[in-house]
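In what follows, a single structure is set out as structure tokens and then discussed.
Just so it is clear, none of the values below were taken in a lab; they were calculated from the coordinates. Treat the numbers as computed from the prediction; the structure is a model and nothing was measured. Every residue, glycine among them, receives a Cβ derived from its backbone with ideal geometry; neighbour counts consider all protein chains shown.
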Amino acid sequence: MPLPCLTYFSSRGRAELIRLLLADAGVEHDEIAVGSWSPTDLPPAFVALRASGKLAYGALPLWEEPDGFHLVQSDAILRHLARTHDRYGANPREAARCDELLAGVEDVRAELRKLVVTPAPARPALREKLHASILPRWLGFLEQRLAANGGGGGFVVGTEPSVADVVLWHLLEVLHDNGMESALADCRSLVRFYARFGERPGIATHRASRRRYPPQPFPT
Ligand SMILES: N[C@@H](CCC(=O)N[C@@H](CS)C(=O)NCC(=O)O)C(=O)O
């Protein structure tokens, strides 16, 4: 029986959230790596795939199911998998809370991505501002989301794991990978969540896998 398949470049990039969700939900699948992305030297396997017309927007990741259904756009893939593998809340309101959390985390990531477009001489000041005010403010909001779901058994939405947990956990991992974990000093619930969710069997296996691609830190 053929398995569904995720195709992406040889990096975490825009596929990592999808990989984490698949890992947590225990979804058997294949994975194809087309090689390393470079703006000037695209891997031949990617160029061939793009020429095949399968990439509706000319970009990866690509998710394919055995009956021929295929989907691009990382966020659409993530939400499709969350819906089809019981990771999108128990009812429409919980699904809306998942969407709300995903949008909140995206706001934080947009702040972090400013490190990529800021010229090197201005980066130390931006890092300082991130540490001093931007991250504490946003992490405070996220801490409150966890607290607001206090009876949820450690999940950020409802009483079962969801895409919201995966996305929140991934953000916290990115902060750790970038030496920014001190911004979590006043966020005891987030710290506990990070430890606990990271130990779920699928996530722990993915983290320990030798095949996992290395972190991609923001420029210093
Ligand atoms: N919004 C899209 C963006 C996809 C995207 O830009 N993918 C990059 C790799 S991260 C790509 O395939 N680039 C192809 C190219 O540079 O030609 C998504 O989230 O999937």
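Tell me the Kirkwood hydrodynamic radius of region 1-124 in angstroms, computed as one over the mean inverse distance between distinct C-alpha pairs. Present the calculation step by step, with values, prior to reporting the outcome.
Values: mean 1/r = 0.0613 Å⁻¹.
It is 16.3 Å.
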Item to check | 5 angstrom amide H check on F9, placed H, neighbours 5+ away | outcome: V34
Next on the checklist: Take R137 and T220, extend 7 Å from each Cα along the Cα→Cβ direction, and tell me the distance between the two endpoints in nm.
Outcome noted: 2.7
Checklist entry - So for the chain, taking the charge dipole from beta-carbon charges (+1 Lys/Arg, -1 Asp/Glu), which of L55, M180, V157 sits furthest toward the positive end? => result M180
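Could you grab the Rg to Rh ratio for the chain? Cα atoms only, Kirkwood for Rh. Kindly include the intermediate steps, with their values, before the conclusion.
On the way: Rg = 18.0 Å, Rh = 18.5 Å.
Radius of gyration relative to Kirkwood radius: 0.97.
Run through region 3-72 and list the GluC sites (Glu not before Pro) located in a DSSP loop whose Cβ has at most 16 other Cβ atoms within 10 Å. Mind dumping the intermediate values first?
Values: sites: E16, E28, E31, E64; in loops: E28.
Taking region 3-72 and a limit of 16 other Cβ atoms within 10 Å, the loop GluC sites (Glu not before Pro) found are E28.
For region 5-85, with only Lys/Arg (+1) and Asp/Glu (-1) charged at the beta-carbon, what is the dipole magnitude about the Cα centre, in debye rounded to 20?
Here the size comes out at about 280 debye.
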Checklist entry - Cα-Cα pairs above 22 Å in region 92-200: how many percent? => result 30
Checklist entry - Which whole-number percent gives the relative contact order of the chain, counting Cα pairs below 8 Å spaced six or more residues apart? => result 23
Item to check | Phi to ³J(HN,Hα) by Karplus 6.51 cos²θ - 1.76 cosθ + 1.60 over region 56-67, Hz, x for Gly, Pro | outcome: 4, 10, x, 9, 9, x, 10, 10, 10, 10, x, 7
Checklist entry - How do 181-188, 159-166, 100-107 rank on mean C-beta neighbours within 10 Å, highest first? => result 159-166, 100-107, 181-188
Checklist outcome for this item: Output for region 49-110: trypsin sites (Lys or Arg not before Pro) sitting in coil per DSSP, at most 14 other Cβ within 10 Å, listed by number, reads K54
Next on the checklist: I need the calculated FRET efficiency for the pair A51 and E31, taking r as the beta carbon distance and R₀ as 22 Å, to the nearest 0.05.
Outcome noted: 0.55
